[in-house]
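Below: one structure, written as structure tokens.
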């Protein structure tokens with residue numbers, strides 16, 4: 001079951017969902033709009049290695065925006081910090097963003113119960129398109145979970161992305177090989 005706007009507000013009041021900054025006008029009937037943060041990163045090597053950390057170049061999106069180009073992976077970040085303690089969050093792109101040819105995630109649209117961080121976006125575009133810090137980029141949808149959680153994300157020893165970071169975080173796949 002997906003949470004409605006009134007249930008999202010109830011859970012925010014209970015602090016089982018945290019969204020900072022929270023803007024009431026971003027609450028939809030069954031989702032919450034999140035915005036593109038000011039940082040983007042690109043990998044700084046022509047070939048990535050899943051067994052190694054891969055260097056990135058990070059930069060701030062200038063006030064005049066930044067053009068995303070096809071065939072390039074960009075790591076972005078949400079402006080909002082979120083915590084989810086009793087629900088499963090899903091991050092989906094906004095239809096207006098999709099209609100510009102932008103994908104905001106390749107595979108990582110589902111969060112875990114206990115996730116407390118900014119969301120790293122795996123962005124790509126079909127055609128060149130200019131983006132701006134602060135623009136609506138996606139929406140969070142919250143699902144009820146059935147059953148007891150034995151180990152939430154913040155308590156998993158294998159949680160590679162638990163350290164709070166307002167910058168895009170590159171792949172930490174290499175940590176799976178140690």
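The values are calculated or read from the model by the stated rules, or taken from the named source; none is laboratory data. Because the structure is predicted, anything quoted here is derived from the model rather than measured. FYI the Cβ positions are ideal-geometry reconstructions off the backbone, even for glycines, and counts take in every protein chain you see.
General remarks:
- Test: residue in region 117-129 that is more than 19 Å from residue 170 (Cα to Cα), out of contact with any helix residue (DSSP H, G or I) (no Cβ under 6 Å at 6 or more places or on another chain) and not in a loop (DSSP other than H, G, I, E, B): yes
- Test: residue in region 132-143 that is free of Cβ contacts under 8 Å to residues at least 60 places away in the same chain, assigned to a loop (DSSP other than H, G, I, E, B) and either within 16 Å of the chain's Cα centre (by Cα) or surrounded by 13 or more Cβ atoms within 10 Å (Cβ to Cβ) (or both): no
- Residue within region 106-118 that is in contact (Cβ under 8 Å) with a residue 12 or more places away in the chain, within 15 Å of the chain's Cα centre (by Cα) and over 22 Å from residue 160 (Cα atoms) present: no
- Residue 82 being within 26 Å of residue 151 (Cα to Cα), at pLDDT 95 or above, touching a strand residue (DSSP E or B) at 6+ places or on another chain (Cβ under 7 Å) and not in a loop (DSSP other than H, G, I, E, B): yes
- Filter pass, residue 116 being at pLDDT below 95, under 19 Å from residue 37 (Cα atoms), surrounded by fewer than 18 Cβ atoms within 10 Å (Cβ to Cβ) and touching a strand residue (DSSP E or B) at 6+ places or on another chain (Cβ under 6 Å): yes
- Residue that is nearest to residue 151 (Cα to Cα), among those in region 51-66 that are under 20 Å from the mean Cα position of the chain (by Cα), surrounded by fewer than 15 Cβ atoms within 10 Å (Cβ to Cβ) and in contact (Cβ under 8 Å) with a residue 40 or more places away in the chain: 58
- Any hit, region 24-32, residues being under 17 Å from the mean Cα position of the chain (by Cα), crowded, with 17+ Cβ neighbours inside 10 Å and assigned to a helix (DSSP H, G or I): yes
- Single match in 48, 40, 36 (criterion: buried (at least 17 other Cβ atoms within 10 Å of the Cβ) and more than 19 Å from residue 116 (Cα to Cα)): 40
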